[in-house]
Amino acid sequence: MTPQEPTFMIGSVPIHGDLILAPMDGLTDQPFRDLCRRLGSAMVVTEFINALDVIEENPRYPKRTRFKDEQRPLALQILGNDPQRMLTAAIQLVKEVQPDILDVNLGCQSKNVTARGAGAALLRTPAKIGQIFALLTREFSIPVTGKIRLGWDEESLTYLEVAKTIQDNGGALVAVHGRTRKQAYRGQARWEPIREVKQALQIPVIGNGDVRTTADIARIKAETGCDAVMIGRAAVANPWIFSRRDRGQVDPQAAEQTIFAHFDAMLAFYGEPGVTTFRKYLKAYLAPYAIPRERLLALLKMKDPASVRAEIARIFSEL
Ligand SMILES: Cc1cc2nc3c(=O)[nH]c(=O)nc-3n(C[C@H](O)[C@H](O)[C@H](O)COP(=O)(O)O)c2cc1C
């Protein structure tokens, strides 16, 4: 394979690489997507954008869609319950944001999302998913993809029907998180259904759920035959996983450099409030080191960027 040859295609979009940062509300913002893309994520996906927010012009949504050109290919993820409204919102979003791919959220498990029939609730009504994909794929020349779970619960494992419906209505890829809505994030993700989906579809399939190490990457690929692997929570503690490095393989010097670059990017994107938003990443970055609890808590309470910076430098100088 020449370096230019894509690993796989999402419709007309070539994807170089098989590891992809999973979309995570409140985590995969512009700075974190940027970092993971640089470290090797083959593309990025925005946090979900609620179709209602777009239609009602809620001021909170535009920040969630911002990205740098270097992040491309970028998939913009839309969430909604009403096919026509999702189309209306998507038309506006695609025009404004110019993503490479449009992704439909069919997996969000939070109660306020599913209570109104959006996210994973749609897995109970595959026909509606068919309508959504028919409308979107007819409207756009960019590929439309879907991110699904296995179903609502054990009595409603609709993943195969949903995946085929997406393909039959013009969808260009299906990403499968190997849990039901009822499981939320509990228990162990099942990968066998991902293999079933891969065998049943002609379009590419992404495997997702509980991939934490480079060994897990090899295992999910071997067990499912998936075209690519999405990594979510483990990437927060170890974004280097996109360079196929386990956390133990990242030396403190490289970790410190990345932490500072991420912190600077957060401050540039959010201004001073970036200090607070950075805490969840900082806590995960520092987890491998034996930092006394009191000292860590004190660091995670600091508000002044210069003090945070100085304390991180001190911690690394003492390792
Ligand atoms: C905090 C959090 C937020 C999430 N937000 C989204 C989202 O906006 N869109 C989406 O499709 N999935 C979302 N997910 C699901 C992840 O993309 C992924 O499917 C799930 O975390 C399983 O993968 P993992 O075990 O690698 O974390 C979210 C997950 C978490 C933990």
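Brief remarks on what is shown
- Helical content of the chain, expressed as a calculated mean residue ellipticity at 222 nm, amounts to -13000 deg cm²/dmol (DSSP H runs of 4 or more residues, -39,500 (n - 2.57) each, divided by residue number, nearest 500).
- All Cα pairs of the stretch 223-309, percent lying beyond 15 Å: 63 percent
- Computed over the Cα atoms of the stretch 1-131, pair by distinct pair, the Kirkwood hydrodynamic radius stands at 15.4 angstrom.
- For the stretch 183-284, trypsin sites (Lys or Arg not before Pro) meeting the loop criterion (DSSP other than H, G, I, E, B) and having at most 11 other Cβ atoms within 10 Å: Arg186.
- In Å, descending, principal axis extents of the Cα set of the stretch 52-96: 32, 20, 16
- Checking the Cα-Cα distances for Lys68/Lys128; Lys147/Lys198; Lys63/Lys280; Lys68/Lys95 against a 24 Å cut-off, the pairs over it are Lys68/Lys128.
- Our summary of shape: the Cα atoms of the stretch 60-154 have principal axis extents of 41, 26, 21 Å, ordered from largest down, in whole angstrom.
- Net charge dipole size for the stretch 251-317 [Lys, Arg +1 and Asp, Glu -1 on Cβ; Debye, nearest 20]: 280 debye
- Rg(Cα)/(2.2 N^0.38 Å) for the chain, N = residue count: 1.00
- Between Phe8 and Ile15, Gly17, the built amide H atoms are under 5 Å apart, and every one of these is 5 or more places off in sequence or on another chain.
- What the phi angles of the stretch 146-152 give under the Karplus curve with 6.51, -1.76 and 1.60, with θ = phi - 60°, is a coupling list of x, 10, 10, 10, 6, x, 6 Hz, glycine and proline written as x.
- By the count of other C-beta atoms within 10 Å, a proxy for reagent exposure, Ile49, Ile166 are ordered fewest to most as Ile49, Ile166.
- Residues whose amide H falls under 5 Å from that of Ile78, counting only those 5 or more places apart or on a different chain, are Ile49, Asp103, Val104, Asn105, with hydrogens built in the peptide plane.
- Whichever lysines have a C-alpha closer than 16 Å to that of Lys182, once near sequence neighbours (fewer than 8 apart) are set aside: Lys111
- Span-rule helices in the chain, defined as complete DSSP H runs reaching 24 Å or more along the axis (Cα) with Kyte mean at least -1.0: 252-270
- Projecting the Cα atoms of Tyr185, Ala127, Val229 onto the charge dipole of the chain, computed from C-beta unit charges around the Cα centre, puts Tyr185 farthest toward the positive end.
- log₁₀ of I(q)/I(0) at q = 0.13, 0.23 Å⁻¹ - the stretch 274-319, Debye sum with one point per alpha carbon: -0.24, -0.80
- With neighbour counts taken as other beta-carbon atoms within 10 Å, the residues Phe133, Phe316 rank, fewest first, as Phe316, Phe133.
- Burial order of peptide ranges 290-302, 253-265, 19-31 (average beta-carbon count within 10 Å, highest first): 19-31, 253-265, 290-302
- For the chain: relative contact order, % (alpha-carbon pairs under 8 angstrom, 6 or more apart): 14 percent
- Under the Debye formula (equal points on every Cα, no solvent term), log10 I(q)/I(0) of the stretch 1-53 at q = 0.27 Å⁻¹: -1.04
- Electrostatic dipole magnitude of the stretch 8-247 [Cβ: Lys, Arg +1; Asp, Glu -1; Cα centre; debye, to 20]: 480 debye
- Inter-part distance, the stretch 80-110 to the stretch 251-319, computed on C-alpha centroids, equals 34 Å.
- Each of Gly26, Gln71, Cys108 was placed along the dipole of the stretch 1-112 (beta-carbon charges, centred on the mean Cα), and the one lying farthest toward the positive end is Gly26.
- Around Met43: net Lys/Arg minus Asp/Glu count, Cβ-Cβ under 14 Å: -1
Each value in this text was obtained by applying a stated rule to the coordinates, not by laboratory testing. No experiment lies behind these values; they were computed from the predicted model shown. Positions of Cβ are generated from backbone atoms using ideal geometry, with glycine treated the same way; all protein chains shown enter the neighbour counts.
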